[in-house]
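What follows is one structure encoded as structure tokens, with my remarks underneath.
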Amino acid sequence: MKDSFSNVKVWLNWLKHEGVVHENPMAGERPPKVPKRIIQPFSQANLKELLELCASGTDYCSARNTAIVLVFIDSGVRLAEMVSMKISSINMEAGTIKVFGKGAKERLVGIGQQSRRAILRYLLFRKTSEDSNQTPAVNPSKLRHFSLDRYGSGIYNCVRTKVLKEVN
């Protein structure tokens, strides 16, 4: 809304400068106040359904999705922080993960026991997949990333966003 208002105001200023109109009718007008949208958090039922959906399988993807969702729930990390998360940044003993957020700021976030178990299960699936060559075309440079797709490549923002919207 604000952008549209500004665009029209600039266009009218240009028309005045070009001599098409004698005065800008929007001169002195303020942009309308747009109410801030409050994002509703997931309910307990939503979270339970999401976790049941992720944990419904016994394969690599189920283990990965469960770990990702539990880390999101426990830590409150941003999507971009999850994308850039490295395995080496996870401290299982302390129950913390070092993430890099907005403006390349580093912070520690906490994770609970359930998240730690899910991460260990996922990493075990990853190790098993790598050892038995069940993960085709693994890119060695990507292995340090926490979340990989079934082909050994990093999962990027658009894919995670799509998955989260489908589940939601």
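Here are the numbers:
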{"read-out": "Some residue of the range 74-96 being touching a Leu at 6+ places or on another chain (Cβ under 6 Å) and within 19 Å of GLN113 (Cα to Cα)", "value": "yes"}
{"read-out": "Near pairs, Cβ below 6 angstrom, 6+ apart or cross-chain, from the range 6-28 (without any contact (Cβ under 8 Å) to a residue 40 or more places away in the chain) to any residue that is part of a helix (DSSP H, G or I)", "value": "VAL21/LEU15; ASN24/LEU12; ASN24/ASN13; ASN24/LYS16; MET26/LYS9; MET26/LEU12"}
{"read-out": "In the range 72-98, the residues that are free of Cβ contacts under 8 Å to residues at least 60 places away in the same chain and under 26 Å from GLU49 (Cβ atoms)", "value": "PHE72, ILE73, ASP74, SER75, GLY76, VAL77, ARG78, GLU81, GLY95, ILE97"}
{"read-out": "Residue match in the range 58-70 (condition: over 15 Å from PHE146 (Cα atoms) and without any contact (Cβ under 8 Å) to a residue 24 or more places away in the chain)", "value": "yes"}
{"read-out": "Subset of the range 99-114 [aliphatic (A, V, I, L, M) and in contact (Cβ under 8 Å) with a residue 40 or more places away in the chain]", "value": "ILE111"}
{"read-out": "Single match in LEU108, LEU70, LEU12 (criterion: outside the structural domain of PHE146 (by TED's automatic domain parsing) and at pLDDT 90 or above)", "value": "LEU12"}
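The values are calculated or read from the model by the stated rules, or taken from the named source; none is laboratory data. If you're wondering where the values come from, they're calculated on a predicted model, not measured in any experiment. So basically every Cβ, Gly included, is an ideal-geometry build from the backbone, and we count neighbours across all protein chains shown.
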